[in-house]
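Values quoted throughout were computed directly from the atomic coordinates according to the rules given, and no laboratory measurement underlies them. Quantities reported herein were computed from a predicted structural model and do not represent experimental measurements. Glycine gets a Cβ as well: all are built from the backbone with ideal geometry, and neighbour counts include every protein chain shown.
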Amino acid sequence: MSAVAPGARPAIARGLRLQWEPAQEAHVLLYPEGMVKLNGSAGAILSRCDGVRTLKEIVADLERSFGTTGLSDDVAAFVTLALERRWVELRE
Amino acid sequence: MSVGPPLQTSHAVGPPLWLLLELTYRCPLHCVFCYNPTEFAATGPELATADWLRVLAEARALGAVQLGLSGGEPLVRDDLEPIVAGAHALGYYINLITSGVGMSEQRIRALKGAGLDHIQLSFQDSTRELNDFLSSTRTFELKAQVAELIRSYDYPMVLNVVLHRLNIDHVGEILEMAQRMGAQYVELANTQYYGWAWLNRAQLLPSRAQLQRAEEVTRRFRERVGSKMQVYFVVPDYFETRPKACMNGLGSIFLGIAPDGTALPCHAARMLPGLALPNVREHDVRSIWYDSAAFNQFRGEAWMREPCRSCAERSRDFGGCRCQAYLLTGDAANADPVCELSPHHHLVTEAVAAAERAAAPPGAGAPLVFRDHRISIAVERSACRSGQS
């Protein structure tokens with residue numbers, strides 16, 4: 001799969017739900033009869049995939065929140081993986 | 001064996017992430033492979049709405065998040081909608097596991113409004129004849145209509161078909177049917193031999209050749225259709241040489257509640273002798289999960305015998321299935337005889353060999369026993385008799 005364009009607007013895929021679970025101290029992604037417990041960075045990225053913000057805006061927000069730079073390749077790679085796993089879909 | 005609640009269990013044991021409420025044993029279908037207990041007619045009255053809502057709140061407080069609503073047929077309960085609404089308000093992801101019988105446009109609209117996340121619809125076969133025969137009902141067209149409703153209400157479509165000797169040769173047609181219906185997920189779940197399926201095992205176990213053909217057809221279908229449809233093929237464990245990691249170990253993530261409020265560490269645990277299963281009418285979910293003897297008995301590895309106790313794979317498969325160990329060997333603490341390291345493995349290979357010999361036309365040999373209230377009472381009586389002898 002080719003890289004996600006910076007202008008793409010990723011959103012949690014239809015039928016899936018992302019939520020914070022205090023008992024697991026993690027974001028989890030819920031889907032039919034299954035669940036993925038996300039690590040900190042995956043949770044931080046997916047919780048910004050609202051179908052409104054572009055990938056570029058998500059990267060900027062993450063870099064601001066974590067006080068760092070140079071995240072765009074890592075974020076794009078993760079969103080590509082999330083697309084392959086059908087965790088997210090791209091909105092127009 | 002007496003296993004008291006170990007001290008500080010709650011620190012080592014994780015939450016019951018997967019909660020299954022079997023809302024009722026009532027079901028309009030009479031499937032020959034149903035895993036419900038054959039003695040279901042002898043169980044107590046169903047929990048009331050308020051009890052289910054209390055169980056949902058207590059389990060959610062412990063961290064339960066995936067919720068299955070099944071039965072029996074959960075649509076038989078006319079309080080399904082308020083139960084779904086209560087669960088949704090608590091933050092559960094809610095899966096309805098249904099035959100589709102009892103679904104209507106009005107109900108699916110109400111369920112969607114109440115926050116139901118997903119519907120898993122079962123089919124018994126791709127043909128009307130076999131679907132209706134295996135469930136002892138006329139439901140094929142009705143299920144097809146429900147599939148259409150599920151799609152039109154924008155639910156991801158998950159079809160579940162239980163496979164066995166009588167329908168496994170139809171896997172190609174079943175997959176075509178699923179594709180026509182627009183399914184995104186299909187579970188081809190080979191029968192697990194508990195409950196009614198155990199009664200009918202000699203009739204339902206496929207031959208190895210049937211199984212290999214079905215796997216090949218599934219592989220080719222996956223190649224052709226690609227990622228548009230995800231097909232899960234659950235291999236029947238009788239044909240394996242290592243056991244399934246049943247329930248990820250008892251008392252690890254799964255909590256089931258039977259219609260009468262009995263708390264179950266696995267779907268079939270009612271059959272295990274000497275396991276005093278607690279009831280949510282008498283105990284709160286926290287004490288059931290963390291402190292009850294029943295939920296601690298098969299937690300961890302202390303209960304294991306050889307060959308499991310010293311096996312390098314014990315933390316991967318947890319010794320397999322306790323119910324299968326009990327059904328086949330008479331002792332739930334033995335290794336699951338599906339494992340070729342088990343001294344009882346021959347019991348599995350003999351059953352498979354018998355199935356090979358019996359790969360005869362359907363209808364030959366012993367009659368199939370359809371899940372039925374009247375028969376359930378008869379089974380219970382005969383179980384009582386054999387228990388006394």
Sorted by packing (mean other beta-carbon atoms within 10 Å per residue), highest first, where do A:41-48, A:61-68 land? A:41-48, A:61-68
Per 5 Å bin, what is the whole-percent P(r) computed from every C-alpha pair distance within the range B:195-343? 2, 9, 16, 17, 16, 14, 12, 8, 5, 2, 0
Comparing B:V84, B:V13, B:V158 in a Gaussian network model of chain B (Cα, 10 Å), the one with the largest mean-square fluctuation is B:V13
Just B:W303, B:W289, B:W18 to compare: in a GNM of chain B, with alpha carbon springs under 10 Å, which one fluctuates most? B:W303
Return a whole-number percent for the relative contact order of the range B:209-280, with Cα pairs under 8 Å and 6 or more residues apart as the contact set. 16
For chain B, max minus min Cα coordinate along each principal axis, in Å, sorted largest first? 55, 51, 44
Flagged as over-length at 26 Å C-alpha distance, from B:K112/B:K228; A:K56/B:K112; B:K143/B:K244; A:K37/B:K244, the pairs are A:K56/B:K112; B:K143/B:K244
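Find how much the distance from B:A12 to B:R281 grows on full extension, using 0.36 nm per residue of separation minus their present alpha carbon separation; answer in nm with one decimal. Can you show the working numbers first?
Working: separation 269, 0.36 × 269 = 96.84 nm, distance 2.63 nm.
Between B:A12 and B:R281, full extension yields an extra 94.2 nm.
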Would you kindly calculate the translational diffusion coefficient of the protein assembly as shown, applying Stokes-Einstein with the Kirkwood radius from alpha carbon pairs, for 10 °C and a viscosity of 1.306 mPa s, and quote it in µm² s⁻¹ without decimals? 66
So for the range A:7-65, using the alpha carbon gyration tensor with a ≥ b ≥ c as root eigenvalues (a/c under 1.5 gives rounded; past that, a/b versus b/c decides prolate or oblate), I'd call it oblate
Phi-derived 3J(HN,Hα) across the range A:36-43 with the Karplus relation (6.51, -1.76, 1.60, θ = phi - 60°), rounded Hz, x for Gly and Pro, is 10, 8, 9, 6, x, 6, 4, x
Three-way shape call for the range B:204-257 based on the alpha-carbon gyration tensor, with the a/c threshold at 1.5: oblate
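How much mean residue ellipticity at 222 nm does the protein assembly as shown get from its helices, if each DSSP H run of length 4 or more adds -39500 (n - 2.57) and you divide by all residues, to the nearest 500 deg cm²/dmol?
Calculated mean residue ellipticity at 222 nm is -11000 deg cm²/dmol.
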Gap in Å between the Cα centre of the range B:53-87 and the Cα centre of the range B:163-207? 27
Can you give the mean number of other chain Cβ atoms that lie within 10 Å of the Cβ atoms in peptide B:88-101? 2
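Say R0 is 25 Å: what FRET efficiency, to the nearest 0.05, do B:A48 and B:A110 get from their beta-carbon distance? Don't jump to the answer; show the numbers that get you there.
Working: r = 20 Å, r/R0 = 0.79.
Efficiency, from the Cβ-Cβ distance: 0.80.
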In nm, spacing of pseudo-spin labels at A:D61 and B:E301 (7 Å Cα→C-beta vector): 4.5
Over chain B, relative contact order from alpha-carbon pairs under 8 Å, at least 6 apart, %: 21
Could you tell me, in Å, what Rg and Dmax come out for the Cα atoms of the range B:147-271? 16.5, 46
When B:D317, B:D331, B:D132 are ordered from fewest to most other Cβ atoms inside 10 Å of their Cβ, what list results? B:D331, B:D132, B:D317
Points 7 angstrom from Cα along the Cβ direction at A:E25 and A:E84: gap in nanometres? 3.1
Quick one: among B:R357, B:R314, B:R201, which has the greatest mean-square fluctuation in a GNM of chain B with alpha-carbon springs under 10 angstrom? B:R357
Kirkwood hydrodynamic radius, computed over distinct alpha-carbon pairs, for the range B:274-339: how many Å, to one decimal? 12.9
